[in-house]
Every structure is written in C-alpha cells, then in structure tokens.
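Where a number appears in this text, it was derived from the coordinates with a stated rule and is not lab data. All values derive from a computational prediction rather than experimental measurement. Note that each Cβ is placed from the backbone with ideal geometry, even for glycine, and that neighbours are counted across all protein chains shown.
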Amino acid sequence: MLKNIKVILIGSSPMSGKTTLAIKLAAKYEYGCISTDDIGEIIGTVSEVNPMKDFDYREYYVSKSIEDLINDISLYHQKLWPSIKHLIEIHCAWSTPIIIEGWALYPELLESIENDSVRTIWLVSDEDVLEQRLINHKDFYRGSTDEKKMITNYLHRSIWHNETISKQANELNHDFIRVTKDLAEDSKLEKAIEILTKE
C-alpha cells in the first residue's frame, strides 16, 4: 500500500483512459478497484436513478438533445454522490485500500472529503483525443439509427464534462494529467505515480 493512502480517486470523462490507469495502479499497489458506473448499476437495482433505464443506450443519445444529455448526467451523478462518498469514508476507516474511478467524481464534490488518506488524480483530455477514441470504438455506436448524431451528441456531452473537470481542478489547485494523443500509457502511469508519491 502507498504510504498513508487508503483511497485513490481517478476522475475524468469517458474515453480518457481512467479505467486502464486504475487497473494498472491497482495491480502495482495491490489495491481493490471499483468504478462509479458499477456503483450506479447496484443502486439502480433498488432505485430508478439511471436516465437511460428505459432506452436502448444508442437511441438515448440519438433521441435526446445535448442539453438534455448534460442535464440528465448531472442529475444522475448528484444522485450517486452520497453513496460514493460513503464508500470513500468506509475505506478511509478500514485497512482495505481501494481505487475508485469514474466520471461521477468531480473536484468540487471531493472538497467535502477531509481526510489525508485520500488522493485524487484527474485526467483532462484534449478534444481530439476524446473524438478519435470515440470514433475508433465502433462497437459502441454500431447499430444506432443515426450513428453520426449519436457520435456528435455523445462527444459534445463528453467535451462539456471534460471542461467542467478541467475548470474545477484548476480552480481548486488539484493535480491533473493532460491526456494528449502523444501521451503513452506508460507515461500516464508514471505521472500518476508522481502525483501519488508527492510529499
């Protein structure tokens, strides 16, 4: 375990590489690992919180406006936050270290966590990285009734989210890693380790 760090939080927009980074860090330091998406799925079994619940996810992105997509995800993340915060608090009290990764994490929300055993890493991606990774992920949008619209709407929401993370991290002086098309996975891991081991 990293010295005095029980919880590592990795937040970013989809397609930024947070899951891959979380898995590599968990393997290196022998931490458990969970996604905020998994937390949302669990909560969804007892409460209707997911805005996509009644949709084929591809048609959800086609049928909704970009404004509605942003509003939906903002509300969804707000509903998830109390459970995520409780999970963080549990692992701060226990000896079992964990990495929690996901796009339901925001710098402003984590200001309410006052515990020295928690560390955060934010990934802020260049827009061309988000776009190219989405386009390359053909299985995600294949079968949509309007693939172009689905890609456009999904990308615009991701850009909004990415800009929100960037703005909040800068304003609160949080460490973040800039994800560019030239940033190798090993370099991203090295930068994350620097953040975690910084005095």
Binned at 10 Å starting from 0, the alpha-carbon pair-distance distribution of the chain in whole percents comes out as 8, 34, 37, 17, 3, 0
Interchain or sequence-distant (5+) residues whose placed amide H lies within less than 5 Å of the amide H of residue 177 are 122, 123, 124
Given Cβ charges of +1 for Lys and Arg and -1 for Asp and Glu, the option among 84, 52, 19 whose Cα lies farthest towards the positive end of the dipole of segment 1-149 is 19
Whole-Hz Karplus couplings 3J(HN,Hα) for segment 84-97, θ = phi - 60° and coefficients 6.51, -1.76, 1.60, Gly and Pro as x, run 5, 4, 5, 4, 4, 5, 4, 6, 5, 7, 8, 8, 7, x
Scoring only Lys, Arg, Asp and Glu (+1, +1, -1, -1) among other residues with Cβ under 13 Å from the Cβ of residue 35 yields -3
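Where does the chain land at 222 nm, in deg cm²/dmol rounded to the nearest 500, when only DSSP H runs of n ≥ 4 count, each adding -39500 (n - 2.57), divided by all residues? Each step should come with its number before you reach the end.
Values: 9 runs with 112 residues, N = 199.
Roughly -17500 deg cm²/dmol at 222 nm, from the helical runs in the chain.
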Looking only at lysines whose Cα falls under 18 Å of residue 198's and that sit 8 or more positions away or on another chain, we get 3, 6, 28, 188
Given unit charges at Cβ for Lys, Arg (+) and Asp, Glu (-), the dipole magnitude of segment 7-197 about its Cα centre in debye, nearest 20, is 280
